[in-house]
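Student: Would you mind keeping the following structure in view while I ask a few things?
The values are calculated or read from the model by the stated rules, or taken from the named source; none is laboratory data. Given the structure is predicted, the values throughout are model-derived calculations rather than measurements. Cβ coordinates were reconstructed from backbone atoms using ideal geometry, including for glycine residues, and neighbour counts include every protein chain displayed.
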Amino acid sequence: MSPRATPWFLFATTAVLLTGCDVVVADDPAASPGSGSTGSVSASESAAQLEKLTVAAAGSMKGYSREKFPHWRSAGKNCDVRDTVLERDGENVKLDGCNVVGGTWKSFYDDKVLDEPLKADIDHMVPLANAWRSGADKWDNDKRGDFANDLERPQLFAVSATSNRSKGDQDPSTWKPPAESSWCVYAKDWITVKSHWELTVTTAEKATLTDMLENCD
């Protein structure tokens, strides 16, 4: 389920050959502040989606492992989904073949500017372990792989390593982005992902998301 007719990750690029690398300059995506965010979804639409989600206690972590969410998938040539997200979210991105080797990234979780790809983590908006506790434990590995590599929903973002690791597998009731200006989009994106994948929310998670939507204009 995408609120747009075309996937948000399709964007215009200009490439030239320079000292063995392709230098790609990506236009700013329409959604803000997160490149893959559902900025066009209204707060009322997100609230309506949230109301339809099943409220349930968090499930057990029994049997969980990241290997049950196979990622990163091939995205053509020698690239993978991680490269795709880095290219999409960066500015003045430099490619060696299709591997991202340079550029800058603004982490919308904490407003940090990252000046090399190794400083960026690719975060799952809804963490894999949270998804497991919310219903993904019942899926097969193929479906969990689809979730872990989802480029059609606002599920994957290049963010600072510090914010990603601070977040861990927490839901918004126990972790919110340090940049309060991102809370509206964060809540919308979280709800969009959980809604599409029919994952559950806890009572505390739903209450916090409702409060975060109040940050929306």
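Student: If you scan region 107-134, which residues turn out to be acidic (Asp, Glu) and either touching a strand residue (DSSP E or B) at 6+ places or on another chain (Cβ under 8 Å) or surrounded by 17 or more Cβ atoms within 10 Å (Cβ to Cβ) (or both)? Spell out the reasoning first.
Tutor: So in region 107-134, the residues acidic (Asp, Glu) come out as 110-111, 115-116, 121, 123.
The answer is Asp110, Asp115, Glu116, Asp121, Asp123.
Student: Got a number for residues in region 62-73 being in contact (Cβ under 8 Å) with a residue 12 or more places away in the chain and not in a loop (DSSP other than H, G, I, E, B)?
Tutor: 2
Student: Restricting to region 40-61, name every residue that is among the aliphatic types (A, V, I, L, M) and touching a residue at least 12 places away in the same chain (Cβ under 8 Å). Before you say what the answer is, go through the steps one by one.
Tutor: If we filter region 40-61 for residues that are among the aliphatic types (A, V, I, L, M), which is where we start, we get 41, 43, 47-48, 50, 53, 55-58, 61.
Listed by number, the residues that qualify are Val41, Ala43, Ala47, Leu50, Leu53, Val55, Ala56, Ala57, Ala58, Met61.
Student: Suppose we keep only residues that are of a type in the set (A, V, I, L, M, F, W, C) and in contact with a Leu (Cβ under 7 Å, 6 or more places away or on another chain) within region 185-217. Which one would you say is farthest from Lys119 (Cα to Cα)?
Tutor: Of the residues in region 185-217, the ones of a type in the set (A, V, I, L, M, F, W, C) are 185, 187, 190-191, 193, 197, 199, 201, 204, 207, 209, 212-213, 216.
Of the ones still in play, those that are also in contact with a Leu (Cβ under 7 Å, 6 or more places away or on another chain) are 187, 190-191, 201, 209.
Values: Ala187: 25, Trp190: 24, Ile191: 27, Val201: 31, Leu209: 29 Å.
Per the criteria, the residue is Val201.
Student: Filter region 176-205 for residues that are under 19 Å from Ala57 (Cα atoms), in contact with a strand residue (DSSP E or B) (Cβ under 9 Å, 6 or more places away or on another chain) and surrounded by fewer than 20 Cβ atoms within 10 Å (Cβ to Cβ) and give the result.
Tutor: Passing the criteria: Thr200, Thr202, Thr203.
Student: Something else about it: Any residue at all in region 189-197 that is under 24 Å from Ser40 (Cα atoms), of a type in the set (Lys, Arg) and at pLDDT 95 or above? Break it down stepwise before answering.
Tutor: We begin by selecting, within region 189-197, every residue under 24 Å from Ser40 (Cα atoms); these are 189-197.
Now restrict to residues that are of a type in the set (Lys, Arg): 194.
Now narrow it down to the ones that are at pLDDT 95 or above: 194.
Yes, there is a match, as at least one residue in region 189-197 is under 24 Å from Ser40 (Cα atoms), of a type in the set (Lys, Arg) and at pLDDT 95 or above.
Student: Show the residue pairs meeting these rules: Cβ distance below 7 Å; 6+ apart or different chains; first residue within region 83-94 and under 18 Å from Ser160 (Cβ atoms); second residue acidic (Asp, Glu).
Tutor: Taking only residues 6 or more apart or on different chains, the pairs are Val93/Glu87.
Student: Okay, moving on. For region 135-147, state whether one or more residues are crowded, with 17+ Cβ neighbours inside 10 Å, among the aliphatic types (A, V, I, L, M) and outside any loop (DSSP other than H, G, I, E, B).
Tutor: Within region 135-147, one or more residues are crowded, with 17+ Cβ neighbours inside 10 Å, among the aliphatic types (A, V, I, L, M) and outside any loop (DSSP other than H, G, I, E, B).
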